[in-house]
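Have a look at the structure below before the remarks.
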Amino acid sequence: MNGVHDMGGMHGMGPIEHEKNEPVFHAPWEARAYALNRAMGAWGKWNIDASRHAKEVIPATEYLRMSYYEKWITGLVELMVEHGLVTRQEVASGKPATGAPKATPALTADAVARTLGVGAPTSRDVAVAPRFKVGQHVRARNIHPAGHTRLPRYARGKLGTIARDHGVFVFPDTNAHFLGEKPQHVYSVRFAARELWGEKAGRRDAVYIDLWDDHLEQA
Amino acid sequence: MVVVENGPKLHNIVVCTLCSCYPWPVLGLPPVWYKSAPYRSRAVIDPRGVLREFGLELAEDVEIRVWDSTAEVRYLVLPERPAGTEKMSEEELAALVSRDAMVGVAKVTAPQTGGKA
């Protein structure tokens, strides 16, 4: 979707605030928001792509106003409601309703490292032929899907060169919507800064973007 | 994980314009600035300006490569070894490397006191 989360190349976002000796969390609730997200992900009801998309659909004005972990909690609540883990009434009251779903077995503290440490790899060991070769010229497709996509707006329609083939991965654009993993090759594609941003960009500079077969066409 | 190496004429910088992808297993959770709109929006269009805000001025003939982490591949910058560190041990060198240098918004500098080791 052409959302405000897709902000590469935008102006007007202000200066970068580089905090010295920054703590990992700025308040205890942030650590809780982080832990909740990881623990709820362990139910296996959704995937990382759906989880990213849940934050992208936060209305633009809210998205820009919210802090990082506010977005995490907002996205998480939507996923939990959508997948029947909580009701909005439970979220509002902070109390579980009678018969609310419970994880079995419950995720106990001693199981956290074992369960969450392994993550959920998105590379796939399947024989899918690559559509492009290293060194080949490609064009990022000029597409504007209304759903989740990992093809940033600033690259669409632009010419690049395949710099590296990373192998086969799940395709987030379908996986985020539970429309299948559609495993395919992911490439690091080199785009000259001038191709993306025009004559004022550095002559030698480049942006490398990881893109899937379905994001690219022959140039 | 892909490690990209800096050199005298090449500087790498990592960003995630779409969300906040970052090499967690190595660097831990990302700092707020990395996840913020100003960094995410400008790193790709104005890397020199962004680096200047971090106090790093690069010469015009240095190629800048910006790595936009749009997939599950994570990028880590291998900083350029600073001059005057030839006699330092691996441990001493490791102590000079900062998180910011591995994201690509800082260089690694030799200790001012030089030769103390």
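For residues that are assigned to a helix (DSSP H, G or I) and either open to solvent by less than 70 Å² (accessible area, probe 1.4 Å) or not aliphatic (A, V, I, L, M) (or both), tally how many sit in segment A:57-72. Lay out the reasoning, then the answer.
The initial filter retains those residues of segment A:57-72 that are assigned to a helix (DSSP H, G or I), namely A:60-65, A:68-72.
Still in the running and either open to solvent by less than 70 Å² (accessible area, probe 1.4 Å) or not aliphatic (A, V, I, L, M) (or both): A:60-63, A:65, A:68-72.
Within segment A:57-72, residues that are assigned to a helix (DSSP H, G or I) and either open to solvent by less than 70 Å² (accessible area, probe 1.4 Å) or not aliphatic (A, V, I, L, M) (or both) number 10.
Yes/no matrix, rows are residues, columns are (1) more than 9 Å from chain A (Cβ to nearest Cβ); (2) β-branched (Val, Ile, Thr); (3) outside any helix (DSSP H, G or I):
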{"position": "B:Ile13", "(1), (2), (3)": "yes, yes, yes"}
{"position": "B:Leu18", "(1), (2), (3)": "no, no, yes"}
{"position": "B:Tyr22", "(1), (2), (3)": "yes, no, yes"}
{"position": "B:Val26", "(1), (2), (3)": "yes, yes, no"}
{"position": "B:Tyr34", "(1), (2), (3)": "yes, no, no"}
{"position": "B:Arg40", "(1), (2), (3)": "no, no, no"}
{"position": "B:Val44", "(1), (2), (3)": "no, yes, yes"}
{"position": "B:Gly49", "(1), (2), (3)": "yes, no, no"}
{"position": "B:Glu57", "(1), (2), (3)": "yes, no, yes"}
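The requirement of being surrounded by fewer than 19 Cβ atoms within 10 Å (Cβ to Cβ), in contact (Cβ under 8 Å) with a residue 12 or more places away in the chain and under 13 Å from the mean Cα position of the chain (by Cα) is fulfilled nowhere in segment B:33-46; no residue meets it.
In the condition set (1) at the interface with chain A (Cβ under 8 Å from one of its Cβ atoms); (2) open to solvent by less than 30 Å² (accessible area, probe 1.4 Å); (3) assigned to a strand (DSSP E or B), B:Val77 is compliant with all but (1).
Here's the yes/no breakdown for (1) surrounded by fewer than 21 Cβ atoms within 10 Å (Cβ to Cβ); (2) among the basic types (Lys, Arg):
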residue	(1), (2)
A:Arg141	yes, yes
A:Pro145	yes, no
A:Pro152	no, no
A:His166	yes, no
A:Gly180	yes, no
A:Arg194	yes, yes
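A single entry from A:Ala54, A:Ala50 fulfils the requirement of being part of a helix (DSSP H, G or I), open to solvent by less than 50 Å² (accessible area, probe 1.4 Å), more than 10 Å from chain B (Cβ to nearest Cβ) and closer than 20 Å to B:Pro30 by Cβ: A:Ala54.
Only one residue in A:Thr174, A:Thr149, A:Thr122 is touching a Phe, Trp or Tyr at 6+ places or on another chain (Cβ under 6 Å) and among the hydroxyl-bearing types (Ser, Thr, Tyr), so which one is that?
Numbers: A:Thr174 fails: touching a Phe, Trp or Tyr at 6+ places or on another chain (Cβ under 6 Å); A:Thr149 fails: touching a Phe, Trp or Tyr at 6+ places or on another chain (Cβ under 6 Å).
Going through A:Thr174, A:Thr149, A:Thr122 in turn, just one is touching a Phe, Trp or Tyr at 6+ places or on another chain (Cβ under 6 Å) and among the hydroxyl-bearing types (Ser, Thr, Tyr): A:Thr122.
For B:Val26, all conditions in the list (1) surrounded by fewer than 20 Cβ atoms within 10 Å (Cβ to Cβ); (2) at pLDDT 95 or above; (3) aliphatic (A, V, I, L, M) hold save one; what is the number of the exception? With respect to (1) surrounded by fewer than 20 Cβ atoms within 10 Å (Cβ to Cβ); (2) at pLDDT 95 or above; (3) aliphatic (A, V, I, L, M), B:Val26 is out only on (2). When A:Gly75, A:Gly8 are checked against the criterion of being touching a strand residue (DSSP E or B) at 6+ places or on another chain (Cβ under 9 Å), surrounded by 11 or more Cβ atoms within 10 Å (Cβ to Cβ) and at pLDDT 95 or above, A:Gly8 stands alone in meeting it.
Within segment A:88-134, the set of residues being open to solvent by 80 Å² or more (accessible area, probe 1.4 Å), without any contact (Cβ under 8 Å) to a residue 60 or more places away in the chain, part of a loop (DSSP other than H, G, I, E, B) and closer than 18 Å to A:Leu36 by Cα comprises A:Lys95, A:Pro96, A:Lys102, A:Thr104, A:Pro105, A:Val118.
The values are calculated or read from the model by the stated rules, or taken from the named source; none is laboratory data. Source: prediction; values computed, not measured. Positions of Cβ are backbone-derived with ideal geometry, glycine not excepted, and every protein chain shown enters the neighbour counts. Surface areas here come from the heavy atoms of the whole protein model, side chains and all, with no ligands, DNA or RNA. Shrake-Rupley method; radii C 1.70, N 1.55, O 1.52, S 1.80 Å.
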